[in-house]
Amino acid sequence: RFFSSDLDGTLLGKSDSCEVFHHSWNGLEKSRLPLLCYNTGRTVEDTLSVAKKNCLPEPDFIIGEVGTRIYNAKEGRDIEEFTRTLSEGWDLNLVEEVMQELNLGQEPQPGNSQNEFKSSWYLDNANLEQISLIRMSLEEVGVEANIVYSCLRYLDILPKRANKGHALFWLLARLQIKTEETIVAGDSGNDTAMFLLRGVKGIVVANAQPELYEITSHLPVYHAEGKEVYGVLEGLEYYGVLK
Ligand code: GLC
Ligand code: MG
């Protein structure tokens, strides 16, 4: 009933996603068509334009900015009730202060990658100790955060109720769709939270980052042989959505 897919490295990449995904998805009978959600680190605005440019089908929802915004595409607006859940335990100024005091060599990402509920940094080849140090330093000042690290480079610090998985879970509950009726697809660290939702059916594409393989190797997910969009289509076939 619901398909939540990452974009970069998953539906978008070197392959010509344009033809392939659009064709298969729109070829489905309307009555069998799951709701489509792009679940991405990009902003909602950027997602809409990149989807159009790459001829990806119009989504029903966009979970944007690493699970800090849920956008209802048919209504053309954010679901504010979700945004309101994010303030609990969160203080952006404190997060920034803590990060500035840590000397890990991190650099802030540009302004359009930041929002009220997302503090994003570049930090190359971080190890577990560094991530724990960040976690502990935030705990010490009473900030309840999710730390998301992807591709050995991108570091996102998010409120405890934000990330791709929490946002998806919130949306599914609102739509009264079970996790068992949901397929997720992804390729990197910021996707792991989607795969960790109990009951979801997962597709990991062949070009996935080691951090996603590590977490999903013990989970009942489909590890595709195909890369990017071809891996997604393979998984959708495996789960019987596509023929
Ligand atoms: C996207 C976002 C960036 C984030 C990364 C990983 O590239 O623009 O801010 O750090 O995804 O989640
Ligand atoms: Mg990705």
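Can you tell which of L196, L172, L233 is more than 14 Å from ligand 2 (Cβ to nearest atom), under 16 Å from L12 (Cβ atoms) and of a type in the set (A, V, I, L, M)?
Just one listed residue meets the conditions, L233.
Do you know which residues across segment 40-86 are closer than 16 Å to S17 by Cβ, in contact with a Ser or Thr (Cβ under 6 Å, 6 or more places away or on another chain) and modelled with pLDDT of 95 or more?
Listed by number, the residues that qualify are T40, T47.
Could you check segment 105-128 and list, in sequence order, the residues that are within 18 Å of R153 (Cα to Cα) and surrounded by fewer than 16 Cβ atoms within 10 Å (Cβ to Cβ)?
The answer is G105, E107, P108, P110, G111, N112, Y122, D124, N125, N127, L128.
Here is a check on your reading of the model: is E211 under 15 Å from the mean Cα position of the chain (by Cα) and more than 20 Å from R1 (Cβ to Cβ)?
yes
Suppose the filter is under 18 Å from L11 (Cβ atoms), of a type outside the set (A, V, I, L, M, F, W, C) and modelled with pLDDT of 95 or more; does Y239 pass it?
When the stated conditions are applied, Y239 passes them.
Could you please find all residues in segment 101-126 being away from ligand 1 (no atom under 11 Å from the Cβ) and either closer than 16 Å to I147 by Cβ or acidic (D, E) (or both)?
Once the filter is applied, which keeps residues that are away from ligand 1 (no atom under 11 Å from the Cβ) and either closer than 16 Å to I147 by Cβ or acidic (D, E) (or both), segment 101-126 yields E101, L102, L104, Q106, E107, E116, F117, D124, N125, A126.
Name the residue, out of G67, G27, G76, that is open to solvent by less than 60 Å² (accessible area, probe 1.4 Å) and either in contact with a strand residue (DSSP E or B) (Cβ under 9 Å, 6 or more places away or on another chain) or within 26 Å of H223 (Cα to Cα) (or both).
G67
Could you please tell me which pairs satisfy a Cβ distance under 7 Å, a separation of 6+ or placement on different chains, a first residue in segment 17-43 that is more than 26 Å from N163 (Cβ to Cβ), and a second residue that is open to solvent by 30 Å² or more (accessible area, probe 1.4 Å)?
So the pair list comes out as C18/N54; C18/C55; H22/C55.
Here is a check on your reading of the model: is L92 within 16 Å of ligand 1 (Cβ to nearest atom), open to solvent by 20 Å² or more (accessible area, probe 1.4 Å), over 17 Å from the mean Cα position of the chain (by Cα) and at pLDDT 95 or above? I'd like the intermediate steps shown before the answer.
On the way: within 16 Å of ligand 1 (Cβ to nearest atom): yes; open to solvent by 20 Å² or more (accessible area, probe 1.4 Å): yes; over 17 Å from the mean Cα position of the chain (by Cα): yes; at pLDDT 95 or above: yes.
So L92 fits the description; yes.
The values are calculated or read from the model by the stated rules, or taken from the named source; none is laboratory data. The shown structure was predicted, so the numbers you read here are calculated from the model rather than taken from an experiment. Cβ: placed from backbone, ideal geometry, glycine included. Neighbour counts: every protein chain shown. Just the protein is used for accessible areas: all its heavy atoms, side chains included, with ligands, DNA and RNA removed. Shrake-Rupley method; radii C 1.70, N 1.55, O 1.52, S 1.80 Å.
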